[in-house]
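A short worksheet on the structure shown next.
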Amino acid sequence: MPKQVTSPREIAAKESRAILRRAIRLALDTESAAVRRNTRSFNLNRYRATAALPDYDALKDEARRIKEHALVNRKALIQRLSESVTRNGGHFFFARDAQEARQYIQDVCKRHRVRSLVKGKSMTSEEIHLNGALQRDGIRVVETDLAEFILQAADEQPSHIIAPAIHYSRERITALFRRKFQTDLPLDTGENLTRFARERLRKDFLAADAGITGANLVSADCGSLLLVESEANIRLTCIAPPLHIALSGFEKIVPSRREFAPFIELLAASATGQPLTSYTSVIRPPLAVPVVDFRGAGPATREFHLVILDNGREALAQDAQLKEALYCIRCSACLNSCANFQVLGGHGFGGATYSGGIGATWEAATTGQLKLARFSDLCTGCSRCVPQCPVRIDIPGLNVELRSRLNQSVPLSLAARAMHLLLSASPLEHASAQQIFFAHYDRAARWGTLFAPLSNFF
Amino acid sequence: MELVARSPEAVRDAVLARASAKRPILIAEPRYLSPDYFRPLRSEEGVLRNPNAADYRSAPVGVTEAFAAVARTGSVCVDIDADIAGYVSLLPHLHIVVVDIDRLVFRPADLFRLEQFARPTYHRNFVFISGPSATADMGPLVRGVHGPHELHIMVLC
């Protein structure tokens, strides 16, 4: 029995190896079994789906090329997008950091006297800690993605990019809902749990004053959003409330709607392992379809705001070694295929927002704190994720780079200096005593041989 | 999915058979198909003309057209701002979608390759619908979450 129960929030920011160890303990004790089962099913489905794509490799090349070009041309694309959104009758805002993004969204909500809002799953909104800020303004914030709904009830950070509650077994969800919602309704099957959440959330959708979504891609030529989902919660979030706010990092911008094409099948195959998920929306808000007065608030006109976020991305784009991370389309194939992730999930192998091997760079870039990439230690460099990545990111390469920077940032310990003196002929490198020992194992072995008679004597 | 003859009466009969006793039925006015296809259906009892908020909340069946269908992914493409299709394809338990076989393409990318797609006004707001709403977040796969629990495609040919 562990002496004290750690909550996932406490170990979200992994600033030190000590916190990382506690996180690993938590993950192994309570989350590992569910993560193992769920990543396995993601993997089996992905193998099938990608094998069924007649041009899987060509799609990957095309997707990579689009992302590379878009990143080079980011300044022009952002400018073009802002013009398109304005031309469509929407409002465009470029937020340099999380604080600016939150403030803008809070101001829009205040102006509209928003009392309750519904949210589609958005990792970017997790990244800027949006919910807390809105709740402090007295707004009821309802996460409508069922996994996010679970996490909101549990007050936990996501443990996976597309299945944020991947660490929850059906049994643990039942126990959580019983405790949190104090209900006697039957909650002992997936159907019952889903029905319970659906009935609660349907009321919230129709009563909401605003909807907040992310975007899988955004097109600069006409301000279209690509939104991929299965539960229909994003479709409802976009259409039911009169006010729609979308939040996206600038790395999601591509030149035109035509560039959505390769990503549509590639994302579905890589993410959930389906030909397509139930709903892939291509929309250009504000929608033309009239607002139905579900709220009983009288007639309303639609309003749309697009918030495009930097928050460390520009610095990342200028970082020759790490900029590749910006090509990520958040499919999670790398997480599911990773041996360490399969055992730990993203609470062990991840930070406050982003998880897995790709998450270390994202966590460091969006927080501006290199030390929060400490969980990159869990990448063994085996490179099993590389062929799974739809945009061919060298994730182990990113982690090698992060670790080398992390090591440089920590002063050498006395033990490490001693070990270096004893074993290494090369110039002093930043590493722990343990790492130096194993890096120069052959020399250590020679010392060992030298002293063998001595140890035999004793 | 079923194949239906290209006649308004055949569409009416197929929809009524599928909806069985469920009423009311909501219909979105088609933008690409001839409006004639839904005309006989509109005069049936329990088919609503101008639904209000309460009707949207309770109607169990919605009928829309699709402007395209995608063979490889089993998808239909619905313009959500064609009349009230955005709601009709989303809120009811059963979504029946009617698409002409001439509108069939093989892959999603085939639609984006069309010359017209570069025009900003061409299908401003649409959705590839590839099944009923579904989730695996509660453990096993569950069909029927916030959108339709059932998707039925009628292919006119």
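Farthest towards the positive end of the charge dipole of region A:355-419, among the residues A:Ala365, A:Ala415, A:Gly381, is the Cα of A:Ala415, using unit charges on the Cβ of Lys, Arg, Asp and Glu. Charge dipole (Cα centre; +1 on Lys/Arg Cβ, -1 on Asp/Glu Cβ; no other charges) of the protein assembly as shown amounts to roughly 1100 debye.
Counting only heavy atoms of the protein chains, get the accessible area per residue of region A:38-164 (1.4 Å probe) and round it to a whole Å² value. Working shown, then result.
Numbers: 5710 Å² over 127 residues.
That works out to 45 Å² per residue.
Take the Cα radius of gyration of region A:69-314 and divide it by 2.2 N^0.38 Å, N being the number of residues; the result is 1.00.
The H on the amide N of B:Asp137, modeled in the peptide plane, is under 5 Å from the matching H of no residue at least 5 residues off or on a different chain. Cysteines in chain A lacking any other cysteine Cβ under 4.7 Å from their own Cβ: A:Cys109, A:Cys222, A:Cys238, A:Cys328, A:Cys331, A:Cys338, A:Cys379, A:Cys382, A:Cys389. For A:Arg140, nonlocal amide neighbours, meaning residues 5 or more places apart or on other chains whose placed amide H falls under 5 Å from its own, are A:Ser116, A:Leu117. For region B:2-156, a simple Cβ point-charge model (Lys and Arg +1, Asp and Glu -1, everything else neutral) yields a dipole of about 180 debye relative to the Cα centre.
Estimate the FRET efficiency between A:Leu44 and A:His69 by the formula 1/(1 + (r/R0)^6), using the beta-carbon distance for r and 45 Å for R0, to the nearest 0.05. Approximately 0.85, to the nearest 0.05.
Amide hydrogen proximity for A:Phe92: with H placed 1.01 Å from N in the peptide plane, the residues at 5 or more positions away or on another chain lying under 5 Å are A:Leu306. Note that region A:133-140 has calculated 3J(HN,Hα) couplings of 4, 5, 5, 5, 7, x, 8, 7 Hz, one per residue in order, obtained from phi through the Karplus relation 6.51 cos²θ - 1.76 cosθ + 1.60 (θ = phi - 60°); glycine and proline are x.
Ranking A:Leu81, A:Gly211, A:Ala175 by how far each Cα lies toward the positive end of the dipole of chain A (charges on Cβ) leaves A:Ala175 at the top. The contact between chain B and chain A removes approximately 4600 Å² from the accessible area (both sides summed; 1.4 Å probe; ligands, DNA and RNA excluded). Karplus-derived 3J(HN,Hα) values for region A:194-211, using 6.51 cos²θ - 1.76 cosθ + 1.60 with θ = phi - 60°, are 5, 4, 4, 5, 4, 5, 5, 6, 4, 4, 5, 4, 7, 9, 6, 8, 8, x Hz; glycine and proline are entered as x.
Cross-link reach is defined here as a Cα-Cα straight distance under 17 Å, omitting same-chain residues fewer than 8 places apart; for A:Lys75 the lysines meeting it are A:Lys67, A:Lys252, A:Lys323.
Can you grab the distance from the C-alpha centre of region B:1-58 to the C-alpha centre of region A:1-50, Å, no decimals? Using only Cα atoms to place each centre, the spacing works out to 49 Å. Counting each DSSP H run of 4 or more residues in chain A as -39500 (n - 2.57), what helix-only mean residue ellipticity at 222 nm follows after dividing by all residues, to the nearest 500 deg cm²/dmol? It lands at -15000 deg cm²/dmol. Between region A:389-434 and region A:143-192, the alpha-carbon centres lie 40 Å apart.
The values are calculated or read from the model by the stated rules, or taken from the named source; none is laboratory data. Predicted, not measured: the structure shown is a model, and the values here were computed from it. With ideal geometry, Cβ positions are generated from the backbone for all residues, glycine too; neighbour counts draw on all protein chains shown. SASA here: full protein model, heavy atoms, side chains in, ligands and nucleic acids out. Shrake-Rupley method; radii C 1.70, N 1.55, O 1.52, S 1.80 Å.
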